[in-house]
Structures are given as structure tokens and as C-alpha cells.
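See structure below.
The values are calculated or read from the model by the stated rules, or taken from the named source; none is laboratory data. All of these numbers come straight from a predicted model, not from anything done at the bench. Reconstructed Cβ throughout: ideal geometry from the backbone, glycine too, with neighbour counts over all protein chains shown.
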There are 4 protein chains.
Amino acid sequence: MSQVTLADLNAASQSDFVAALGNVFEHSAWIAEAAVMRRPFGGVAALFGAMKDMVERASSERRMALIKAHPDLADKTQRAAGLTADSNAEQNSAGLDRLTDAEYDAFERVNNAYRAKFGFPYIVCVRRHTRDSILRDVERRLPNDAATEMGASIAEIFRIAALRLDQLVTASDRLPVNGRLSTHVLDTHNGKPAAGIAVELIELSELGEARVVTRAITNADGRTDRPLIGNRPVPLGRYELRFSVSRYFAERGVPLSDPPFLDQIPLRFSVSEPEGHLHVPLLVTPWGYTTYRGS
Amino acid sequence: MSQVTLADLNAASQSDFVAALGNVFEHSAWIAEAAVMRRPFGGVAALFGAMKDMVERASSERRMALIKAHPDLADKTQRAAGLTADSNAEQNSAGLDRLTDAEYDAFERVNNAYRAKFGFPYIVCVRRHTRDSILRDVERRLPNDAATEMGASIAEIFRIAALRLDQLVTASDRLPVNGRLSTHVLDTHNGKPAAGIAVELIELSELGEARVVTRAITNADGRTDRPLIGNRPVPLGRYELRFSVSRYFAERGVPLSDPPFLDQIPLRFSVSEPEGHLHVPLLVTPWGYTTYRGS
Amino acid sequence: MSQVTLADLNAASQSDFVAALGNVFEHSAWIAEAAVMRRPFGGVAALFGAMKDMVERASSERRMALIKAHPDLADKTQRAAGLTADSNAEQNSAGLDRLTDAEYDAFERVNNAYRAKFGFPYIVCVRRHTRDSILRDVERRLPNDAATEMGASIAEIFRIAALRLDQLVTASDRLPVNGRLSTHVLDTHNGKPAAGIAVELIELSELGEARVVTRAITNADGRTDRPLIGNRPVPLGRYELRFSVSRYFAERGVPLSDPPFLDQIPLRFSVSEPEGHLHVPLLVTPWGYTTYRGS
Amino acid sequence: MSQVTLADLNAASQSDFVAALGNVFEHSAWIAEAAVMRRPFGGVAALFGAMKDMVERASSERRMALIKAHPDLADKTQRAAGLTADSNAEQNSAGLDRLTDAEYDAFERVNNAYRAKFGFPYIVCVRRHTRDSILRDVERRLPNDAATEMGASIAEIFRIAALRLDQLVTASDRLPVNGRLSTHVLDTHNGKPAAGIAVELIELSELGEARVVTRAITNADGRTDRPLIGNRPVPLGRYELRFSVSRYFAERGVPLSDPPFLDQIPLRFSVSEPEGHLHVPLLVTPWGYTTYRGS
């Protein structure tokens, strides 16, 4: 997906504008076509506000059509044919292209139940989710009435659109769509940052297998060079951070028990704010540790 | 196994004494027969010292016979016929009666390699071990020479005998054969012991499946009514303690994120001193925790 | 003060009983004289209950006489002549015999104000207090009406009597009048209890000088041989515990900065439950520490 | 002291260059006069290197004259007449203009002893020191021989000069003469940064009175808007950070004991690296806290 500046969008022909932003809302270029009349935009937030406004002012038939323009979840992974490239990438980001059979069955079952009840597909901004949290979300929404779910669907569509727009358009402002997950290892045995610690971030799953999200080595400041998750929403879900500490201390000649009391330290936690900055540090000696939700 | 007092043993006929203690050393009643001449014993440590002395003064042929009187490890689980009841119970204590196929293969392979090299069975005091630590022990001992391994075998036989004697004889003193693993949960959100927390102790395994060692609920003092492991050696190995903290805080009306930042907290650690007192406490709020090796 | 057993009190002559317990309530032997009729007592709690009952059933004139039988606070330290030995020891326990001029002035001022308003002396169970907390208590009580203060005075008199009775009578039960303050130092640099750490407990004061309550050295288990405060109420007030940690680590060859980052660690806290068990541990490396209210 | 750019210095007349830098070394403009010949300088480090080089190549008589051009410590506060403005400001930075009598006596005594032994004044870079650490430094240096102290004096003169140069000249590079002391308060009761906490930094003193270095209130991120000490060396010495936590928790409706278990938390620590970044955070609930040397 190539990026475009807001200045260029403001200056572009109407058709170029629509070509650039036509898929910010899935299969619904009419929104970009309507928003183009509001140019120029002082920022990407103003542009997004205009597009949302078009949706909110549209007839309820048109909003329903927008909802129905979205694919079924997971099912998409089967019939990738009809998916936009954006939808495909989004679904893959949550691991929906790598479901176990049990997970796939669970997704299909709740999706079908949702469609059967409401007559439109279950829509969720998958970049904000893990497999577990999607199942949790749909189970929570299933008992709702149709009006509530139309509202919920539009809200999710706005989240999807905001993320697409953030990726597509560069401007002096940014939409508040991204979060960050970071860590920091302090060696309180030696009173300094712990450099060279192997860190693994694992996404846990109720139904399927745990999945390695990323691996990193702490730098001289005890941090990872890049956030564990950054420049995107931190998906809602359960995680485990694993720190290989016994090798670190052994290499520094610190006397350890055999086997070492602490070897690989797991920190298990959940993410509840995908757009927030979540910092999970570790203060560690060979004989104990402290962790907390930092910021 | 019925218990007997040291006073009764001091007063018993020689044959009753030997009947009571004949199997402290596997299939080797001659040791009790020799030790009986040293009566009376002022304590169980003195009794055990006399029995050890008999072994140490015996000819090397006799010591080798003692070694060969012991069963092969794990193999026993197959041919339980020839095992003493003590040996059987000991091996079961380490889970050797519930090995996965991969574990059983690993045990058989190293056992056979050991017997092939040295001409006598691999002996280890299994009550001090987990499946993992036995495999680690035999792999460390395999490169030794025969004299070293005869010494190591006798040392393990003494550990086995000490544990049997400790279970069998009550006296005013006790042999230092038992350790303890305990925990304590402090709620530093409310400044008091955390009562009613579900705690699970898991034995981890490289080859096979994790195994629940015990489950408990913390009492009003934040402790478990009995030690997690007590009145026996704490088996060498890797463990995970799991504390269900989100339910505890939720039941007390503490505001939590959704899902809660901390739900089930895992503490992973290794045991290196089976006869020691290992205390693994948890200081916890809904947003962070501290653990350390206490005493 | 010599102790007496409850059994002996149950069997004693009426006059011996009254002689033994006549001063449990200050200058008011009539309470013991009335309670003697209720013998025998199954426990010291029953005995105390009977004595309280006599006070509660007495006429309000008699209760006022009981109140007025008590000395003025602090003033007593000046005119020790008329004080019972018990009153004298109690007041000294709070340091009322060692007031600075500023403190003495403050005590005299509030005492006089209290007596001027209510017509009877300000009574408080001084063994449960520090100098600061007494001033705080009287300032909180001064705005009350007389009926409230008569009730408050009787409640304090019961606390004084319970403590005297606890010191005087041994029985199979005990009155819940004593608390405990303890500490524990864990060296999380080396993973073991910190032995040989010098610990100081200081009582802080708003008006006067800080006062050393006790000094101790941690034993092999990282604890002090006796509680810092024990077998008595822990006086309400502000305290500082000081731990000399740099010498401890230096003696063990741990590399430290020059000067050491942590030398004498102060933990400042308040006591709010004199009859409770307050545990204030320290988990420490040369580079950081953790403390918390334990139990 | 007005600042000048390195570019301007490179382009200035020789006399303007010397006028600007003549007092970088106390009363010793000859160093600037010699360094001017090395122009142009690519950075302030190169400029400083050239000035140091002039000193190192000078005759030992000249270096001794440089040493003797420096004032006596503290004495200066008395006879401020002969002090350069720089010297005066430096000495005031360590509080040498506000010594108690006991401190002044101690300073005079060691200064006189130093001058009597070596025949030149005791020189130290006071911006890197507190009153205590100066006394400690001079007592450590007094036993040295004269050659060692000439070397030590030149090293301190270089530190003084580097700090003056850093204040005086702006360039693309900076001399590594400044450190930083910072803090961060995490509320682990609520899982977020603690905003609005009053923080005090106190310099402790063996001989004299404690001195408030700075006061601040934590911001929304739990930090202070500016470092507690920054853009200068962090003076060697002992400090106490004080955090008023009970008001913070009370204002948020957190149930506390009466009086609150923790009210003002003191963290006492020493600074050993004036040019380093020292971070002293506090993780706190109403019932416990953790601190450590961070970075």
C-alpha cells in the first residue's frame, strides 16, 4: 500500500482522490466520493471526521449496505477470492489464516450464529484483536438486539477505516489508532540495566496453540531496540513475556544454584487497551523479581 | 509401613530387630544383622551411623552385591514382580509409574547404557528427584569411571536407607532427610494476607507432560494449611506455582481492567536442595507482583 | 509486680483476692470487692468480664468517682507522689517522664483545657500510645460533649485495667491486649536471609526528639531473636526502622559503589492497631529494596 | 556569563578569543593565549583538548603557578574580594557560602592542614561535590605525597575548566560534564503513574544541617517536569528523596489506616558518579513500596 500526503490529496483531481481513498471503507467508494467535496482538510483527523460524517448522515439502508459489504470473518481465509487486499492483511494480522481446526470450528460456529440472527456479517476491527478476544467479543455481542449491533458494526467499521487511513495518508497529525507494548530489564543484583537478555513475546490462546509474536535481545539500556509491539494497535488478548535470565547471570560470573533457581521467567498478562502504551518491566536478581504495569 | 519406636528396637529380640530393619537396605538384611550388635542406640542418627558403618567396613564384593540387589529404574514399572514394596512406592513417588512413551524410552536408553558400561544398575534416591532430574543425573554420571560410580551408588543407597529409616523408626531425634516447599500470598493492594487464593503446584518436564503436584487454597494468613511439599525431600526439578489472583480481587470489589491485567500468575523456579526449606512468596496487587526465594 | 495464678485467686480468701486485684482499677478496690462474689472464674476473660460488669452496673456517680480517681497525664511526672506504681510505670512507658519542654508545655496545655471543659482528668491508656498519638487523641476528644467523654474515659479505663490484669494473673487464656512488631531481612542479592544486619527502631515525634525504642542484630534467619516490640501493645505512632546494609554487603565481598548507593535504609511507617501483629520486612540488594506491611 | 559560539571563537581576533576564554583556567590567561594558535577547532572537545595540552606541556613551575592561582576553599567565602566570579558561583553551588560553624571549622582545619603540608591550596571541582564529600575527599588526599597531589590538583583543575567551558561555549558537540538525577512514581495500587505527588530532594550532611535541594510535584506521567538535578554534575554525597504518598491515596478515596501506614516515604541514597544518569523510582501502594537504582 503506497502512501500519499494529505497535501497531495487536497490538490488531487476528484477521481484521483477517490482512487486513493476509495477502499478506506470496504467496497464503499461512495464515502470518499462524498468527502471530496469537503476539501481542503487541515489534517488527517479532519479528513477522517468528514468521512465518518458521510456515513452518519447516510440513510440507514446505505449504512446496512456498508455493513453487508464486509466479508465474513475467518470464512474469508477459505474463500480469499472476494476479499480486498486490506481485509486479507487485516485478518492475517490476527492469525486468522493460521487457525487450528478447533479454532476454525469455533469461529465458523459463532459467525454463522451471528449472521443467522442478524442477517449481516459479524464485523470487528481484527487488528485490535487476537483469536481469543474475537471469540469473546462475538459471544458478548450475540445476545444484543439488531439496532445495537448495527451501531456496534458501524463503530468497528470506523476503527477499521481509521487504521487504513493512518497507513495510507501522511499528514502533520496522526489518528490515535496505535499503541505500544514495551519492556525493560533492570538487573538489581548489579544495579544496572540488563543487556543481552533474550526476550520472547507469546500470544496465548484458549483454543489453539500459543504463538510467538516476537523475539528480541535487550540492549545496553536493558530495553529492546524497538517496542515489542508498536506502530499498530496492541491486540486485545493474553500474553506471556519470557526472559532468559540464568544465562545472563551465569555469563557474568554470578554464583547460581544448580539448577538455577530462576531460569526462564514468564510474565503472563492481558492487554485491555489496544491504543495504550503498556510497559511491562522486570526487576531481577538470580533469586527474585518484580514486575508491574508501567507506562 | 508400620512404625516402631527406637526404644522398642533397643529392647527387641535380635530377630525382631532384623525383621523390622531388614529392608532398610534393599534385599540386604545382613546390614541390620550386623548393626544389631551395636545396641543400644541413643538416637536414630546413631542407629543409621552404625548401619552405614557396616556397609563401609564390608568387603568391596559385598558392597557390589548390595548395589546389584537394587532394581533397574523404570524397568521396575514394567516388571513390578521383583520389586520390594519400598522400591515400588519410591519409584511411583517420582512418577516413574506414569511415564509417557518418550520418557520411558529415554529412561530405558540411559539405564541400559549405564548397565552396559558399568555392569550394575543405575541407582538413585528417586524420592529426591523428578523425572527430569533423574535423566540429568544419569547423563552426568555416565562419563564417570567405575570406582567413582561405585562410590556414587553407595551414597545414593545411604540416602534411600535414611529415608526408609526415617519413615520406619520414631525417636527423639530425626535424620535430616526432609525438606519443605511453602508459599505465602500478601495482598499489597489492601495491606493484608490474601485469603482464598487458589494455588497450583506443577512439576514441569522436558520430555513429558507437566504434572499437578498439589492444589491448595490460601488461608486467613495467606498461607496454605500444610506445606505444598513437606515431611519428605523436595524433589530436584523445575516447577511452576500458579496463583489465581483476578478472581480474588474481583470478589473484593477492586476495579480491574477487562480482561484483568493479571489473571493466573505463574512463578517458575527450580529446586536444588531437596532437604532445604524453600519458601516462594507472592506480593501482589492487580497491577504487579514480587516474588523471591525466601526461607 | 508479682504474678498470681487464676486458680489461686479462685481459692483465695476474699480479702486476699481484693488485695491482689484492688488496684487493677486505679484507687477503686470496690470493683474487686464486688467481683469476688462471682467466683470461680473459668478464665481471665471471665474474671475481667465480671469486673467490667461491676463498673457498668454501678451508678453514674460511682463511675465518675472512678474517672476522677485517675491522675492527670504528664502532670503525674511532676508530682509523682500521689501516683500508684502502676500509673507511674505506664506513663513512663510512653516516655512521659522524659518530655522536652515543648512537649511538656503541649501536654499541660491540652490537659488543662480538657479538665477545664469536662471537670475530670483526661484519661488514656498510655501503654497503647506514643507522645504524638496522645496529643492527637486529646485534640480529637476535646470537642466532644461530656457524656461522650465519660464513655470514652470508661473505655480507656477498661483498657488500662485489662493490661494490668494481663500482667498480674496467669491463666489458661489471655486477654487480647498485646501486639507485636517484627522485621525480617532477606538478601535477594544472594538469595538468603541477611544475618548480622544492625537494626534500629526509632519513635518519631512531631514536637520532641526522636527516641530509640530498641536496637537488634538480625540472626541466621534474617529475623531478630525477639520481636522489636512484643508482649505488650505496640504504641500508636510514627516510627522509623533503620537497617545498616552497606556494611553487610561489604563484609561479604559484594562490589559496591563509593560511597555505597544504599547505606542505612530508613523505613518510616505508622502503627494504627496496638493489639495487631505488624511485620515490616526488607528485601534488599545493594541497589534496591522492597518493603510492605506483612503479618 | 554570556555564551559564545565555537564558530565565533574560531573567527574572532586573538585578543577577543583570549578575552572570552581567559578565565576558563583561574587567573591563567596564558593557556587561552597558547591555545589560540591551534585554531580552528572542530568541536568544543577539540578546543578543550588543546587547552589541556598546553597545561600538560608547560613546565612544572608553570603548572605549580596555575595551582597556586586558585583560592583556598571556604576561606573564599570570607574574603570574597579576590575570587573570580566563576569561583564564587562554584563554591556557592556546594553550599560553601552557607556553612554552619561546625562545618566552617572543619573546612578551615583540613584546608590549613593541606596547605601546611603541600604549600599549595587544596583544589577540588566543587560543582561535583557536597560539603560532606569535600571533607571526605580532602581527608583521603591528605596522606598522599606532593607529586600525587600535584597530579590530583591538575585533574581537578581540568574538571573545573571543562565545566566553565561547557557553560561558555556552544558547539555541535558537548563535553561529558553533566549528569542527571530523576525519579518516577508508579502507583501499583491503581496500575498507573502517580500524578500530583509532592517530592522533596534533601542533601544530607554529617556535620551540618540537611538542605532542601529542590521540590517538585509529579506530573501525569508520574515524573517531574524537569530532572531533580540536571544540566550540571550531580554532586557526590548523600541524599534523601521524600514522597508524600498518604495525601495522594486519600484524595483518590483509597481506604487507609488511621494514621496511614505510609505517609512520607524517605529514600536515602548516595551519588557516586556526578556525570552519570541516576534514576530513583518508587513503586508504591498504601501498604508497601519498591525502589531501585534505575537508569
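Does residue D:237 satisfy the criteria of being within 11 Å of chain C (Cβ to nearest Cβ), more than 17 Å from residue B:188 (Cβ to Cβ), at pLDDT below 95 and touching a His at 6+ places or on another chain (Cβ under 8 Å)? Taking the combined requirement at face value, the residue does not satisfy it. The set of residues from region C:247-295 being hydroxyl-bearing (Ser, Thr, Tyr) and within 7 Å of another protein chain (Cβ to nearest Cβ) comprises C:257, C:270, C:272, C:285, C:289, C:290, C:291, C:292, C:295.
Counting only residues that are among the basic types (Lys, Arg) and either under 16 Å from residue C:270 (Cα atoms) or in contact with a His (Cβ under 7 Å, 6 or more places away or on another chain) (or both), region C:179-228 holds 3 of them.
Could you please find all residues in region A:14-35 being part of a helix (DSSP H, G or I) and either in contact (Cβ under 8 Å) with a residue 60 or more places away in the chain or under 24 Å from residue A:155 (Cβ atoms) (or both)? Steps first, please.
Of all residues in region A:14-35, those part of a helix (DSSP H, G or I) come to A:14-21, A:30-35.
Listed by number, the residues that qualify are A:20, A:21, A:30, A:31, A:32, A:33, A:34, A:35.
Residues in region D:219-234 that are closer than 17 Å to residue D:278 by Cα and either more than 14 Å from chain A (Cβ to nearest Cβ) or among the polar types (S, T, N, Q) (or both): D:224, D:225, D:226, D:227, D:228, D:229, D:230, D:231, D:232, D:233, D:234.
The residues on offer are C:194, C:171, and the sole one that is under 17 Å from residue C:291 (Cβ atoms) and in contact (Cβ under 8 Å) with a residue 60 or more places away in the chain is C:194.
Only residues that are farther than 12 Å from residue A:73 by Cβ and either without any contact (Cβ under 8 Å) to a residue 12 or more places away in the chain or within 23 Å of the chain's Cα centre (by Cα) (or both) were counted in region A:120-140, giving 8. Only residues that are over 23 Å from residue B:225 (Cβ atoms) and under 18 Å from the mean Cα position of the chain (by Cα) were counted in region B:178-193, giving 0. Could you please find all residues in region D:36-46 being of a type outside the set (Gly, Ala, Ser) and not in a helix (DSSP H, G or I)? The answer is D:39, D:40, D:41. Can residue D:9 be described as among the hydrophobic types (A, V, I, L, M, F, W, C), touching a residue at least 40 places away in the same chain (Cβ under 8 Å) and over 16 Å from residue D:161 (Cα atoms)? Yes. Taken residue by residue, region B:200-216 has no member that is crowded, with 20+ Cβ neighbours inside 10 Å and within 11 Å of another protein chain (Cβ to nearest Cβ).
Residue count for region A:61-85, restricted to those that are among the basic types (Lys, Arg), modelled with pLDDT under 75 and not in a loop (DSSP other than H, G, I, E, B): 1.
When residue D:246 is tested against (1) touching a strand residue (DSSP E or B) at 6+ places or on another chain (Cβ under 6 Å); (2) within 30 Å of residue C:246 (Cβ to Cβ), only condition (1) is not met. Screening region D:1-29 for residues that are loosely packed, with under 13 Cβ neighbours inside 10 Å and in contact with a helix residue (DSSP H, G or I) (Cβ under 7 Å, 6 or more places away or on another chain) and picking the one that is nearest to residue D:71 (Cα to Cα) gives D:1.
Residues are listed down the side, and each one gets a yes or a no for (1) crowded, with 21+ Cβ neighbours inside 10 Å; (2) polar (S, T, N, Q); (3) within 16 Å of residue C:274 (Cβ to Cβ); (4) within 14 Å of chain A (Cβ to nearest Cβ):
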{"residue": "C:146", "(1), (2), (3), (4)": "no, no, no, no"}
{"residue": "C:150", "(1), (2), (3), (4)": "no, no, no, no"}
{"residue": "C:158", "(1), (2), (3), (4)": "no, no, yes, no"}
{"residue": "C:161", "(1), (2), (3), (4)": "yes, no, yes, no"}
{"residue": "C:168", "(1), (2), (3), (4)": "no, no, no, no"}
{"residue": "C:176", "(1), (2), (3), (4)": "no, no, yes, no"}
{"residue": "C:181", "(1), (2), (3), (4)": "yes, no, yes, no"}
{"residue": "C:186", "(1), (2), (3), (4)": "yes, no, no, yes"}
{"residue": "C:192", "(1), (2), (3), (4)": "no, no, no, yes"}
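Restricting to region C:30-49, and then to whatever is under 24 Å from the mean Cα position of the chain (by Cα) and surrounded by fewer than 18 Cβ atoms within 10 Å (Cβ to Cβ), can you tell me which residue is farthest from residue C:174 (Cα to Cα)? Here the answer is C:49.
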